[in-house]
Every structure is written in structure tokens, then in C-alpha cells.
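Taking it in order: structure first as C-alpha cells, then the write-up.
The values are calculated or read from the model by the stated rules, or taken from the named source; none is laboratory data. Computed from a predicted model, the values in this text were never measured in an experiment. No Cβ is skipped: glycine too gets one built from the backbone with ideal geometry, and neighbour counts run over all protein chains shown.
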Amino acid sequence: MVAKLPEFVVPEEASKRGRILKVDLRSPDFRIPEVLGQLSKMSPHIKETTIFLYPSLEQAKTLLDTRSPLSLEGVIRLDECTTEIYSSNEIWLKYGSQFTDRKIRCFTHCSGRLADLKITSVVQGLPQGSEVGSAWFVANGCYALQLLATPAEDEQLIATRHKIERQPHRFELSGGAVAEISRITARQSRKGEKETKKRAYAIQVESIKSAEKVNQDVSGLLILASLISRERSDFGYWSVKEAGKPNIQNWRFGYSKWPKRPNGVEPLLRGEGNCRDFLSCALKHYQAASDTSSLDSAVYALLARDLPIESNIVNLYTATQRILTFALSLPTSNKMSISKLWAQFEKKYTIDLQDLWPLFGSKGSASLNEIRNVLVHGRAFTAASDFKALSIATENLRWTLERILLAILGWDIELSTVSAKKLNWLTAHNWKEPQKSLTL
């Protein structure tokens, strides 16, 4: 009797990766059922992960004809009561090796890079209790999170010895939920004699009623923390347990490593008290808004410092126009000019921009409005003096947008680093001569 040759081969290194499960792969054109799959080991600190696939010969042929991205659905039964459901909306395949036997050709495996992953744990037979929901979000650090994080146990002990007491900061979210920021450290692999560590920050939420609403609130909290830190923070992993519902883990992969705040650039707010009070105050304004996309994009525009100067000016100016529309509760589709938006904004909010590069002026006056207009119409600036002037104009436009955001979020500009008193020490605050040198 001739032994049946295998259609697929699971490599030896697979034994170190964990459980193998059956997954369905889908694209707009294909469905490939019951492919053997295996996830690499994951940690909330990592920004990328891989799924290894071990297809049969026929499945491999179909995979070779399928374009990425694919979606994934898989189920694994852990025991008699517990089932885990895996799903992903975006997998980018990297086709693996193959070898040729005398009679058939076998594909060893191929791998996929995941953009997201959702794991739902379903436990059968447990009584539906009245437990309170909770959530755990893991974010990368920024100035505000580092400042407001609850100290670790060893730090608390040291503080107690020195008779220093520090109460944890808690932020009120929707529906009575309460969030607390804490620091977490994971031990990584050794490189020679040096041990590397990975730091992140956890936002723990208790007493939640709606996981979707808490997700929005924590997103807003991190956007506001990014604004005052002047460096971006976002969460890549969150685990949510709503009362009477399955525990759900959500993973986000593939996002880039966001740059830190440039040297010499201070946070928008300094001090533990100011950061705490601002987040508590601003979060209420954020939660009250029906659509925060304009506010979010304004913060992202402020943090996008790696763009060319010309692109930065246009980007910041567009964000300023959108945030004025947001502040006046107008639809984003409105066609009102930015000068009219600003006139209405000044009636609603108390704000002083007289010390900054003028947003508006007569034609040819090199106002920020005029600079933006010539740039979008293709004007190229080549002189060294023009580069310096545009750099200073960019900083003034950035400060203008930051002051507008602080006013909208109910914070006193004098308590920030964009007050006239604080900016007076910076070179870019002396804008009058550079403005005169700029010929439009």
C-alpha cells in the first residue's frame, strides 16, 4: 500500500507559536474555508503581528490567485464551556516557500500581516449576573500621560517613606464610567547582557454601561492629552467586558511610531494640576459635541510636523477653518469665508491674537490668509529669507490654532505656553520684520 503524500506541511518552529485553529479567509471574489492558521505571540505593547497559514495544495493555489487584503474568521474551543472567536478585516499576505517532491508539489506555509484583530470570548453556562462592566486600554506615552499616571507600587512605597501622598487622578466618562491612567512596563528579550524594556500606559475604566461610548470617550481623552503634550498618543489594544456580555479584545496593528515632541518645544500645558484640570474640563466639551471630526483633525494637523513648510501652512490653515466652523456649530459643507467665520467666532469667544502674525490683512500684506492663497495657487518660494519668514509664519499659525482650540475647550489661554507672555521669549514671536521681507 502506497502512503498518501501530505498536501501541506506544518514547519517545526510552529510548535513554539501556540495553538493552531481553523480559519475562513475571504475576499470580494473568494472564500477559502478551514485553512489551518496560527497567530504569533502577542502583547499589548507590540505594534505588529503575523498570522501563519498552512494551506492544502488546493487552498494554496486559490491563495496565489487572491489579492490582499483578506478578511479572517476563526473559532477555537478552549474547553467545554469557553469558545474564542477570531475576526480581522484586513490581512496582507506574504506568500511562503514551496518545495517539490517526486510526485507532488507542497506549499509549506505563507504568512499574513494583520492590521486589526478582534477576539471574542464566549463562556456558556454561566449565570447572567449584575456585575459592573470594565475596560483596559493600552496607549503609547505622551507628556500628559506620563505626568498623570498612577505611580507604581515601588514608587508609592518610596513616597510613603518620605511622607508624600499622591491620590490617583480619575476622569469622569459617559454614563458614570471612571477612567484612571497607570504606567505598565513589560520585560523584553535580552540582547547580550542588556535587557530591554517596553513602556506603555494603561487607561483602566470601571463602571461602564456602553463599550462603544467608552471607546469614544477614551479616544477623546487621548486626543486632548496629545494636544496639550504636543505629541501624539493613541491606543493599540483594548479589552472590554460589558455586564452580561462576552469579553472582547481588540488589537490594532501596523500603525507607525509617532514622533516625539521636538527638542526645544514645550508642552502646551505644564504642571500636573493644569494638565489634570484641563482634561477634566475639555473632556466635557468634547463629549457634548455631536461630531468631533473637525476637532480631531485640528489636533492631528498640529502634530504633523514632518511636512514641508508649504504643506504645513495649508494643512494648519484648513484645520483652522474647519475648527471655526465646528465652534459655530455650522455644517462642514458650509461655504462661508474664513474671514466671516472669524468675525462670528470673535463675538462668541473671548480671544486676543494681536501679538501674533495677522490672520487677515489687505491684499499683498503677507497675512496668513494671503500666504495660504498664493501657496494653493502654486507659488514657489526659493529665497533663503523666504524660507525663514515662512517658518515663522507657520509657528504663528500653529499658535493661532492652539489658542482657538483652548478657547473652544473652555481653558484660559494665560495658563498655557501660547500666552503672549510666554511666547515673547521665542524668536518666532518677533514676526514683523520677516513679514515685511516676504514678497507675495
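Data for the structure
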read-out	value
Meets criteria (touching a Pro at 6+ places or on another chain (Cβ under 9 Å), over 16 Å from Leu114 (Cβ atoms), in a strand (DSSP E or B) and modelled with pLDDT of 80 or more) for Leu36	yes
Some residue of the range 69-76 being acidic (Asp, Glu), in a strand (DSSP E or B), surrounded by fewer than 16 Cβ atoms within 10 Å (Cβ to Cβ) and touching a residue at least 40 places away in the same chain (Cβ under 8 Å)	yes
Residues that are closer than 30 Å to Leu114 by Cα and in contact (Cβ under 8 Å) with a residue 40 or more places away in the chain, drawn from the range 257-290	Lys257, Trp258, Pro259, Arg261
Lone qualifier among Leu426, Leu397, Leu405 - being within 31 Å of the chain's Cα centre (by Cα), in the same structural domain as Arg305 (by TED's automatic domain parsing), crowded, with 20+ Cβ neighbours inside 10 Å and more than 15 Å from Pro358 (Cβ to Cβ)	Leu405
Subset of the range 244-254 that is surrounded by 13 or more Cβ atoms within 10 Å (Cβ to Cβ) and out of contact with any Lys or Arg (no Cβ under 6 Å at 6 or more places or on another chain) - its residue that is farthest from Leu117 (Cα to Cα)	Lys245
Tabulated pairs, the range 51-64, first assigned to a helix (DSSP H, G or I), second of a type in the set (Val, Ile, Thr), C-beta under 8 angstrom, 6+ apart or interchain	Leu57/Ile104; Gln59/Ile32; Gln59/Val35; Thr62/Ile32; Leu63/Ile32
Top-ranked residue in the range 260-269 [being under 20 Å from the mean Cα position of the chain (by Cα) and modelled with pLDDT under 95; ranked as surrounded by the most Cβ atoms within 10 Å (Cβ to Cβ)]	Arg261
Search result, residues across the range 303-323 that are surrounded by fewer than 21 Cβ atoms within 10 Å (Cβ to Cβ) and in contact (Cβ under 8 Å) with a residue 40 or more places away in the chain	Leu303, Arg305, Asp306, Ile309, Glu310, Val314
Residue list for the range 305-321, restricted to those being of a type in the set (A, V, I, L, M, F, W, C) and part of a loop (DSSP other than H, G, I, E, B)	Leu307
Residues that are part of a helix (DSSP H, G or I), out of contact with any Ser or Thr (no Cβ under 7 Å at 6 or more places or on another chain) and closer than 20 Å to Glu370 by Cα, drawn from the range 327-343	Ile338, Ser339, Lys340, Trp342, Ala343
Flag if Glu80 is exposed (fewer than 15 other Cβ atoms within 10 Å of the Cβ), at pLDDT 80 or above and either in the same structural domain as Lys241 (by TED's automatic domain parsing) or not aliphatic (A, V, I, L, M) (or both)	yes
Filter pass, Leu324 being under 26 Å from Trp411 (Cα atoms), in a loop (DSSP other than H, G, I, E, B), modelled with pLDDT of 95 or more and out of contact with any Gly (no Cβ under 8 Å at 6 or more places or on another chain)	no
Residue in the range 83-99 that is surrounded by the most Cβ atoms within 10 Å (Cβ to Cβ), counting only those that are aromatic (Phe, Trp, Tyr) and modelled with pLDDT of 85 or more	Tyr86
Single residue of Ser333, Ser339 found to be exposed (fewer than 14 other Cβ atoms within 10 Å of the Cβ) and without any contact (Cβ under 8 Å) to a residue 12 or more places away in the chain	Ser333
The one condition in (1) closer than 27 Å to Pro267 by Cβ; (2) not β-branched (Val, Ile, Thr); (3) not in a loop (DSSP other than H, G, I, E, B) that Asn373 fails to fulfil	(1)
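Here's the yes/no breakdown for (1) surrounded by 11 or more Cβ atoms within 10 Å (Cβ to Cβ); (2) at pLDDT below 70; (3) under 30 Å from Asn263 (Cα atoms):
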{"site": "Asp101", "(1), (2), (3)": "no, yes, no"}
{"site": "Leu114", "(1), (2), (3)": "yes, no, no"}
{"site": "Thr120", "(1), (2), (3)": "yes, no, no"}
{"site": "Gln124", "(1), (2), (3)": "no, no, no"}
{"site": "Ala135", "(1), (2), (3)": "yes, no, no"}
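Residues checked against (1) farther than 18 Å from Ile46 by Cβ; (2) outside any helix (DSSP H, G or I); (3) assigned by TED's automatic domain parsing to the domain that holds Phe137; (4) under 11 Å from the mean Cα position of the chain (by Cα):
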residue	(1), (2), (3), (4)
Tyr201	no, yes, yes, no
Gln204	yes, yes, yes, no
Glu212	yes, no, yes, no
Asp217	yes, no, yes, no
Leu222	yes, no, yes, yes
Leu227	yes, no, yes, no
Ser233	no, yes, yes, yes
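Yes or no, residue by residue, for (1) of a type in the set (Asp, Glu); (2) in the same structural domain as Leu114 (by TED's automatic domain parsing); (3) modelled with pLDDT of 95 or more:
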{"residue": "Glu242", "(1), (2), (3)": "yes, no, no"}
{"residue": "Trp251", "(1), (2), (3)": "no, no, no"}
{"residue": "Tyr255", "(1), (2), (3)": "no, no, no"}
{"residue": "Trp258", "(1), (2), (3)": "no, no, no"}
{"residue": "Gly271", "(1), (2), (3)": "no, no, no"}
{"residue": "Asp296", "(1), (2), (3)": "yes, no, yes"}
{"residue": "Ala301", "(1), (2), (3)": "no, no, yes"}
